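These notes are about the structure you will find just below.
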C-alpha cells in the first residue's frame with residue numbers, strides 16, 4: 001500500500017509507492033562520462049575561462065585549489081539596467097544579476113567523493129566568501145547556490161564545479177514559502193526547518209548521521225530516492241557565517257554522504273543545493289539554513305511537472321538504512 | 001542580454017538566456033528506443049495487463065482501439081481506508097486514489113504523430129469518459145492527466161499511453177494557484193488563463209496556431225524550449241465537456257503540433273498534461289482548462305529544483321516561428 005506524505009519544510013506532498021520499484025525501466029542510466037576533449041576547468045587551461053573573480057589556495061601550497069569565474073554562458077549579468085525589486089509586478093525585466101562558477105579542483109574530478117577533505121572544505125569556504133560578496137552588491141534579492149553532478153543532474157561539464165546565481169527577483173515559490181515560515185515563527189517561535197528537524201530526531205528512523213552539531217536525514221516526505229537534507233542542529237539563518245570548525249565538520253559529513261550514496265548507486269548523478277537566508281534586510285530569525293542532496297535516479301514525468309508533487313518508489317526509511325549500512329569506499333579509509 | 005519573464009498562469013518566472021544555447025552539452029539525447037521485448041500494451045498481449053476498465057472502438061471496426069486498465073504498478077489504489085479531504089492537516093495518509101493507464105493504440109506506436117487522426121480523437125474521448133467516471137467517485141480532489149513520451153520524459157514503456165492519477169488531496173501548488181485564480185476572477189470577472197490568452201493574441205508573435213475556437217502558443221514565459229499551451233478561446237472549466245466537433249479539431253491541432261515539433265527536434269521526448277477543473281463542487285467559473293505540451297530537450301538542474309523557476313535557452317518567439325515554419329512530415333499530407 002502506498003502512502004501520501006506531507007513535507008512541512010517545502011509544503012509539498014509525495015506519494016511513496018515502493019511497489020513501483022519493480023517497474024520495467026527502473027532507475028535511469030548512471031555513470032559519469034569522462035570526456036576526452038580539452039577541459040576548460042583543469043589546471044593549465046585557465047585562459048579558457050573568463051577572467052577569474054577569486055582564487056583560493058590550500059594552506060602550505062601556492063597553486064590554486066578553487067577558482068571562481070563568471071559563467072561563460074551567463075543566465076544573468078551584472079551590467080545594463082539595474083532593476084529595482086519593486087518592479088516585480090512587471091512581466092519582463094532585463095536579466096540583471098550574477099552568475100558565477102566555482103571550479104572546485106585543479107584536477108579533473110567529478111564528485112566530492114574523489115577529493116581530499118581539505119579541498120571540499122575550501123569549496124565551502126569559497127561558497128561563503130562569494131555569498132558574503134553578493135550581500136554587499138546592490139539589488140540582490142536571492143542567491144541560488146547549487147551543484148550539478150553528472151549529465152542526468154543537468155551538468156554540462158563533468159569537472160567538479162558549483163554555480164552561484166544571484167537574481168534581482170525572489171522566486172515566487174520562495175515568496176510563498178518564506179511567508180509561511182515567517183508566520184510559523186511568529187506563531188510558535190520555532191523555525192519550520194527546526195520543527196521538522198525535531199520530528200525527524202524524535203522518530204530517528206530516517207537519520208543518516210547526527211551528532212551534537214549536525215543532522216543529516218532522508219526527509220519524511222522525500223521527493224526522490226536517497227534524498228538527504230543536512231542542517232545545523234541549532235537554528236542559524238546564514239550558511240556563510242558558519243565558523244571554520246563547523247565548516248570542516250560539514251565538509252566531512254557531506255563527503256561521507258556522497259561516498260555512501262555512491263556506494264549504494266555507483267556513478268549516481270546528483271544535485272546539491274545550499275539554502276541560505278534571502279538578501280532582504282535582517283532579521284531572518286525565521287530562517288534555518290540547510291543543504292539538500294538530490295540524487296537523480298528517477299525522472300520527473302508528467303505527474304511531477306503538472307502537480308509539483310512527486311512519486312517516490314523508495315521509502316526514506318529504507319534509503320536511510322541503506323545509506324547507513326553502505327560500506328565506505330577505499331578512499332574513506334585513510 | 002537575457003531577460004526575466006513572469007508567467008501569469010503559473011506564477012513563476014523564467015530566465016530567457018538565448019546565449020546559453022551555445023553551451024557545450026546542448027540538448028539531451030533524443031530518439032525513441034524501439035525495445036525488442038514483448039510489449040504488454042500491444043494487441044494480442046491483453047492478458048499482460050490487469051483486467052480492463054473500459055475499451056473504445058473506432059466507428060465501423062470491432063477490435064479495440066483504446067483500452068483503459070489499472071496501472072500494474074499503481075501509485076495509489078481505490079481500496080483500504082477512504083480518506084476524507086478534511087484530514088489534509090495530517091502528515092501521512094493511506095495512498096487512496098485511482099491510477100489508470102490509457103493504452104492509446106493496438107499498434108506499437110510511440111507518438112500521436114504516428115497515429116490516424118480518428119485514433120487520436122478517440123484517445124481524447126477516452127480521457128473525457130474516464131474523467132467523467134472519476135467525478136462520480138467519492139473523495140477525488142484532483143486528477144492529474146498526463147502522457148510521457150520517450151525515456152527523457154519519464155516514460156517507462158514506449159508504446160503510446162497516458163495516465164490518469166486521481167488523488168484525495170489537492171496538490172499544494174494547485175491550492176495556491178487556484179486561490180490566486182479565484183481572487184483574480186472575482187476581482188476582474190476574467191479567468192487568469194483567459195487574461196493570459198488575450199495578451200498572447202494581442203501580441204501575436206508567439207502564436208503557433210489560432211482560429212475561431214483554439215489558441216496554441218509558446219507561452220511568453222516558457223519554462224522549456226518549444227513549450228506549447230493549447231486552450232479553447234472561450235472560457236470553459238471542464239475539458240471533459242468538450243463536444244465531439246471541437247474534440248476532433250483539438251485532436252487535429254495536437255497532432256499537428258506534435259508533428260511540427262518532431263520535424264524541429266526528431267525523436268523529441270515530451271510530456272502532455274491536461275488541466276481540467278478540480279473535483280470540488282462547482283462552480284469553477286474561475287477555471288479555464290488547457291493542455292500543456294512540454295518537450296524535454298533540456299534537463300532541470302539544481303537551479304530549477306532549488307527555486308521552482310527555470311532557465312530557458314530558446315526564446316518562445318523563436319520557438320513559435322520554428323514550429324510554424326516546420327515542414328509537415330509526409331504523414332501530414334494525406
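The values are calculated or read from the model by the stated rules, or taken from the named source; none is laboratory data. Bear in mind the structure is a predicted one, so any value in this text is a computation, not a measurement. Because the Cβ atoms are built from the backbone with ideal geometry, glycine has one as well, and the counts that use them run over all protein chains shown.
Does region B:246-266 contain any residue that is in contact (Cβ under 8 Å) with a residue 60 or more places away in the chain, crowded, with 22+ Cβ neighbours inside 10 Å, more than 30 Å from residue A:290 (Cβ to Cβ) and within 14 Å of chain A (Cβ to nearest Cβ)? No: zero hits.
Tallying residues that are crowded, with 23+ Cβ neighbours inside 10 Å and in contact with a strand residue (DSSP E or B) (Cβ under 7 Å, 6 or more places away or on another chain) within region B:277-289 yields 1. Residues in region A:234-245 that are outside any helix (DSSP H, G or I) and free of Cβ contacts under 8 Å to residues at least 24 places away in the same chain: A:234, A:243. Within region A:135-157, restricting attention to residues that are in contact with a helix residue (DSSP H, G or I) (Cβ under 6 Å, 6 or more places away or on another chain) and part of a loop (DSSP other than H, G, I, E, B), the residue that is farthest from residue A:97 (Cα to Cα) is A:141. Could you list all residues from region B:60-77 that are in contact (Cβ under 8 Å) with a residue 12 or more places away in the chain and under 15 Å from residue B:121 (Cβ atoms)? The answer is B:65, B:66.
Could we say that residue B:132 is in contact with a helix residue (DSSP H, G or I) (Cβ under 9 Å, 6 or more places away or on another chain) and away from chain A (no Cβ under 14 Å) here? Here the answer is yes, as residue B:132 does meet what is asked. Exactly one residue out of A:216, A:231, A:221 is within 13 Å of chain B (Cβ to nearest Cβ), more than 19 Å from residue A:279 (Cα to Cα) and either outside any helix (DSSP H, G or I) or touching a helix residue (DSSP H, G or I) at 6+ places or on another chain (Cβ under 6 Å) (or both): that is A:221. Selection of region B:159-194 for residues being assigned to a loop (DSSP other than H, G, I, E, B) and touching a helix residue (DSSP H, G or I) at 6+ places or on another chain (Cβ under 8 Å) yields B:160, B:168, B:169, B:170, B:171, B:190, B:191. If you take the residues of region B:308-322 that are outside any loop (DSSP other than H, G, I, E, B) and touching a helix residue (DSSP H, G or I) at 6+ places or on another chain (Cβ under 7 Å), which of them is farthest from residue A:291 (Cα to Cα)? Taking the candidates together, the pick is B:322. Checked against (1) free of Cβ contacts under 8 Å to residues at least 12 places away in the same chain; (2) within 8 Å of chain B (Cβ to nearest Cβ), residue A:271 passes all but a single condition, namely (1).
Filtered by the rule that a residue be part of a helix (DSSP H, G or I) and buried (at least 18 other Cβ atoms within 10 Å of the Cβ), region A:99-124 gives A:112, A:113, A:114, A:119, A:120, A:121, A:122, A:123, A:124.
If a residue must be surrounded by 21 or more Cβ atoms within 10 Å (Cβ to Cβ) and in a loop (DSSP other than H, G, I, E, B), how many such residues does region A:195-210 contain? Selection size over region A:195-210: 1. Just for region A:80-98: of the residues that are at pLDDT 65 or above and in a loop (DSSP other than H, G, I, E, B), which one is farthest from the other protein chains (Cβ to nearest Cβ)? Here the answer is A:82.
Looking at region B:150-169, is at least one residue crowded, with 19+ Cβ neighbours inside 10 Å, free of Cβ contacts under 8 Å to residues at least 12 places away in the same chain and under 23 Å from residue A:312 (Cα atoms)? Checked region B:150-169: no residue is crowded, with 19+ Cβ neighbours inside 10 Å, free of Cβ contacts under 8 Å to residues at least 12 places away in the same chain and under 23 Å from residue A:312 (Cα atoms).
Yes/no matrix, rows are residues, columns are (1) more than 7 Å from chain B (Cβ to nearest Cβ); (2) over 15 Å from the mean Cα position of the chain (by Cα):
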{"residue": "A:138", "(1), (2)": "yes, yes"}
{"residue": "A:143", "(1), (2)": "yes, no"}
{"residue": "A:148", "(1), (2)": "no, no"}
{"residue": "A:154", "(1), (2)": "no, no"}
{"residue": "A:160", "(1), (2)": "yes, no"}
{"residue": "A:164", "(1), (2)": "yes, no"}
{"residue": "A:169", "(1), (2)": "no, yes"}
{"residue": "A:172", "(1), (2)": "no, yes"}
{"residue": "A:177", "(1), (2)": "yes, yes"}
